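Peer 1: Right, I'll just put the structure down here and ask away after.
Here, each number is a calculation from the coordinates, and none is a lab measurement. Small disclaimer: the values here were computed from a predicted structure and weren't measured. Here the Cβ is made from the backbone with ideal geometry for all residues, glycine too, and neighbour counts use every protein chain on show.
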Amino acid sequence: MLHDVNPTDLAPQPPVLSRKRAPNGTAALLTALSLLILLPFVKGAHRVLITEVMSANQRTVVDEDRQASDWIELLNAGSQPVQLAGWKLTADPKQAKTWTFPELAVKPGEHILVFASGKNRAVAGKELHTDFKLDADGEYLALLGPDGKTVVQEFKPRLPAMRSDVSYGIPLSMETSRILDADSPKQIRVPWAEMGEAWRQPTIPMEGWFSAKGGIGFDSGTNFARFLGTDSAAMMKGRSPGLLVRAPFLVKPAEVDRMVLRMFYDDGFVAWINGREVARRNAPAQLVWNSPAPGPRESATAVTWKESFESAEPDFVLANGDASARARVAVAAPDTNRFLRLVNGRVPEQINSVSFPQALPAAPKSLKVEFDYRVKGGSGSPTDLYLVLIPVKDFDVRGPGADVQVFRGGADLELRKGLAVRLSTQPSRKQVEATIHWDGAQMGRFTSDESSLIWRFYHRAFLTVDFTEEGAVVALNVKTDSRGGTGKEAVVLQRTLIQGAQPYPARLQIAARTTSSLTTVDLDEMQASWVPAAGSLAEDFDLTPFVSDLKPGTNLLSIFALNRSSDDGDFLVLPELYGYAARLQTSSPRFFAPASPLSANQEGGLEAPYPA
């Protein structure tokens with residue numbers, strides 16, 4: 001993760017490690033098994049909680065019968081897996097009538113969804129339905145332990161009354177701490193022989209080490225001036241390409257769920273916490289006392305991802321404009337491959353979207369997105385496909401993205417933030433139209449009369465965006481009939497400058513709008529490449545797998561920092577360490593609109609009384 005940031009800037013995004021399990025057959029607003037934000041863990045505890053309830057579901061989630069049943073969301077907030085066999089849910093204040101869970105192992109941080117439909121379905125591996133329904137005016141609800149008697153959690157005397165598609169639940173707060181900041185004291189020395197491993201431990205004596213503060217290094221110009229607090233030129237230039245750094249820090253491990261190392265460096269390094277290697281970049285596999293970095297730091301490595309819709313646990317989120325016409329992953333006959341049926345042709349003016357998580361946690365220098373798409377049916381009715389770079393500061397790093405209703409206006413896009421390209425197939429006119437939008441304003445309109453663009457076969461689209469000092473340069477090309485081999489290369493949108501459009505951290509959302517109940521829109525074989533801005537010095541490393549190596553009291557981050565050679569004129573090493581603790585606010589429930597089934601409830605929402 002590369003960033004153009006300064007020390008003491010805002011903390012990096014916490015690592016995303018939550019899990020969710022969608023009931024088989026569920027067609028939800030958040031249909032895919034996508035990942036969302038950080039989830040809390042209660043260390044050493046087997047803790048299952050009801051975290052969200054909806055008793056007036058109209059369109060947020062539909063079950064396998066295509067009915068908008070009410071639902072109850074549960075979360076394993078403990079640090080150990082929990083087997084729910086024998087656990088019970090009840091809406092009976094006397095707890096005489098209960099519904100029992102089948103065998104169901106729930107991992108730490110995993111959500112499950114149970115429909116309160118009255119259908120009474122409790123089969124392992126299938127969609128779960130209680131034998132009772134919920135009253136939108138409010139009623140008692142409780143979760144009972146496996147003995148059928150212990151009240152694990154209850155809402156009494158009753159849940160509050162709820163409006164349509166508004167949920168009630170427990171919000172998640174996230175606490176961020178800078179465990180090791182830029183100005184934390186450090187010890188440094190140049191290695192003159194093999195040092196062994198003892199220097200990586202927090203308990204060794206400090207003879208022969210020098211005190212340091214801030215960033216450590218030197219610069220032939222002024223590029224590193226704002227980072228440097230300790231000049232190491234006299235120690236290193238003409239003498240050694242390497243520098244050893246010890247940065248002790250205090251921490252309470254019980255208060256850290258996630259951890260991120262932010263490194264400002266040039267040219268390479270290897271890092272350890274309490275003697276265990278946790279990160280490395282641009283360093284030789286076999287590290288010796290006089291090892292240089294293998295080469296200059298590469299600061300603009302592209303981040304790529306692919307989505308073929310084949311995985312049982314895809315990493316995307318679907319949003320539906322109408323619950324009766326949901327997007328879904330479909331299978332091509334005769335079961336040859338899977339694809340996304342974004343619009344299924346059930347209702348007129350259908351609008352659905354698919355959103356992908358943030359791939360590059362920084363503003364991109366450029367990006368390229370390519371995918372197969374197919375528009376079928378609908379006679380001469382137009383169909384709009386929107387490719388949107390939604391800002392993560394407004395729409396988070398994961399989740400459903402912009403409300404699908406902003407795409408209802410065709411070329412009059414109501415999305416007021418970010419860059420968007422609309423590709424409109426218009427069979428009655430025998431042409432395709434493209435429009436570019438920036439922060440809600442239409443910046444250009446282009447048409448193509450290439451007849452093969454309206455063929456009802458798969459075409460492959462190529463969208464490129466390059467950010468320059470003047471603005472964003474956008475282009476859209478299409479290879480028609482990409483699977484049949486009879487199509488052509490069509491330029492739908494020539495390279496066009498959007499004056500003043502500056503790069504911003506974003507992720508991809510694709511929406512489709514149809515105007516005929518006979519039209520279907522399919523997507524397949526997606527891939528994207530995001531290139532960060534060159535010259536970034538900071539890179540973030542997720543150290544969550546190493547939280548268990550932390551000890552109460554003093555810990556040690558040790559670094560072997562590497563320059564290309566002892567004569568190179570530029571060198572920098574500056575570490576920062578961030579901790580994240582997620583907490584369920586069980587005493588401060590909220591109403592949430594929109595609801596967030598199968599994902600953590602964000603802070604905020606409307607205040608609601610907690611049942612006594």
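Peer 1: How many angstrom separate the Cα center of segment 364-433 from the Cα center of segment 475-525?
Peer 2: Centre-to-centre distance over Cα atoms comes out at 8 Å.
Peer 1: What translational D, rounded to a whole number of µm²/s, comes out for the chain from Stokes-Einstein when the hydrodynamic radius is the Kirkwood one over Cα pairs, at 4 °C and 1.567 mPa s? Don't skip to the answer; put the middle values down first.
Peer 2: On the way: Rh = 26.8 Å.
After rounding, the answer is 48 µm²/s.
Peer 1: Hey, another quick one. With r as the distance between the Cβ atoms of Ala234 and Gln201 and R0 = 25 Å, compute the FRET efficiency 1/(1 + (r/R0)^6) and round to 0.05.
Peer 2: The calculated FRET efficiency here is 0.35.
Peer 1: Summing +1 for each Lys or Arg and -1 for each Asp or Glu, what net charge is found among the other residues whose Cβ lies under 11 Å from the Cβ of Ser324? Before the final figure, lay out each step's value.
Peer 2: Working: positive: Arg59, Arg66, Arg326, Arg346; negative: Asp322.
Summing Lys and Arg as +1 and Asp and Glu as -1 gives +3.
Peer 1: Taking a point 7 angstrom from the Cα of Arg226 along the C-beta vector, which residues in segment 350-387 have backbone N less than 20 Å away?
Peer 2: In segment 350-387, the label zone of Arg226 (backbone N under 20 Å from the point 7 Å along Cα→Cβ) covers 361-365.
Peer 1: Taking the Cβ of each residue in Phe309, Phe591 as the centre, tally the other Cβ atoms inside 10 Å and list the residues starting with the fewest.
Peer 2: Details: Phe309 21, Phe591 16.
Ordered from fewest to most neighbouring Cβ atoms within 10 Å, Phe309, Phe591 come out as Phe591, Phe309.
Peer 1: Oh, and also: In which sequence would Ser428, Ser566 go, from the one with the fewest C-beta neighbours within 10 Å to the one with the most?
Peer 2: Numbers: Ser428 10, Ser566 16.
Ranked by crowding around the Cβ, least crowded first: Ser428, Ser566.
Peer 1: How much of the pair distance distribution for segment 455-590 lies past 23 Å, counting alpha-carbon pairs only, in percent? Write down the numbers at each step before the final one.
Peer 2: Details: 6116 of 9180 pairs.
So the portion of pairs separated by more than 23 Å is 67 percent.
Peer 1: If the cut-off is 14 Å between C-alpha atoms, which aspartates and glutamates fall inside it for Lys365, apart from same-chain ones fewer than 8 positions away?
Peer 2: Here the aspartates and glutamates satisfying the reach criterion relative to Lys365 are Asp4, Asp466, Glu469, Glu470.
Peer 1: When the chain is fully extended, how far beyond the present Cα-Cα distance does Glu194 get from Arg66, taking 0.36 nm per residue of separation? All intermediate terms of the calculation are to be shown ahead of the outcome.
Peer 2: Details: separation 128, 0.36 × 128 = 46.08 nm, distance 6.75 nm.
That works out to 39.3 nm of additional length.
Peer 1: Rank the residues Met235, Met206 as a footprinting-exposure proxy: fewest other Cβ atoms within 10 Å of their Cβ go first. Spell out each step's value before the answer.
Peer 2: On the way: Met235 16, Met206 12.
So the ranking, lowest neighbour count to highest, is Met206, Met235.
Peer 1: Too long at a 27 Å Cα-Cα cut-off: which of Lys368/Lys417; Lys107/Lys368; Lys306/Lys479; Lys133/Lys393; Lys119/Lys149? Let's see the in-between values first.
Peer 2: Values: Lys368/Lys417 20 Å; Lys107/Lys368 36 Å; Lys306/Lys479 19 Å; Lys133/Lys393 38 Å; Lys119/Lys149 24 Å.
From Lys368/Lys417; Lys107/Lys368; Lys306/Lys479; Lys133/Lys393; Lys119/Lys149, over 27 Å: Lys107/Lys368; Lys133/Lys393.
Peer 1: If R₀ is 60 angstrom, what is the calculated FRET efficiency for the pair Val152 and Arg429, using the beta carbon separation as r and rounding to 0.05? Spell out each step's value before the answer.
Peer 2: Values: r = 61 Å, r/R0 = 1.02.
The computed FRET efficiency comes out at 0.45.
Peer 1: Put a dot 7 Å past each Cα toward the Cβ at Ser588 and Asp439; how far apart are the dots in nm?
Peer 2: The answer from the label model is 3.3 nm.
Peer 1: Mind checking the full-extension length gain between Val347 and Gln502? Use 0.36 nm per residue of separation minus the Cα-Cα distance, one decimal, nm.
Peer 2: 52.0 nm
Peer 1: What's log10 of I(q)/I(0) for segment 303-532 at q = 0.13, 0.14 Å⁻¹, Debye sum over Cα points only, no solvent?
Peer 2: -0.71, -0.84
Peer 1: Between Ala105 and Ser324, what is the label-to-label distance in nm when each label sits 7 Å out along the Cα-to-Cβ direction?
Peer 2: In this crude label model, Ala105 to Ser324 measures out at 4.2 nm.
Peer 1: With each run of n ≥ 4 DSSP H residues scored as -39500 (n - 2.57), what mean residue ellipticity at 222 nm is computed for the chain after dividing by its residue count and rounding to the nearest 500 deg cm²/dmol? Kindly include the intermediate steps, with their values, before the conclusion.
Peer 2: On the way: 2 runs with 8 residues, N = 612.
Calculated at 222 nm, the ellipticity per residue is 0 deg cm²/dmol.
Peer 1: Expected output is a single nm value to one decimal: the length gained when fully extending between Val473 and Glu175, i.e. 0.36 nm times separation in residues minus the C-alpha distance. What is it? Mind dumping the intermediate values first?
Peer 2: On the way: separation 298, 0.36 × 298 = 107.28 nm, distance 3.89 nm.
Length gained, Val473 through Glu175: 103.4 nm.
Peer 1: In square nanometres, what is the average projected area of the Cα convex hull of segment 499-538?
Peer 2: On the way: hull surface 22.3 nm².
Directional mean of the projected Cα hull area for segment 499-538 stands at 5.6 nm².
Peer 1: Given a Förster distance of 60 Å, report the FRET efficiency between Lys126 and Asp183 from their Cβ-Cβ distance, rounded to the nearest 0.05.
Peer 2: Values: r = 56 Å, r/R0 = 0.94.
For R0 = 60 Å, the calculated efficiency reads 0.60.
Peer 1: Let me ask another. How far apart, in nm, are the 7 Å Cα→Cβ label points at Asp403 and Gln83?
Peer 2: Distance between label points: 4.6 nm.
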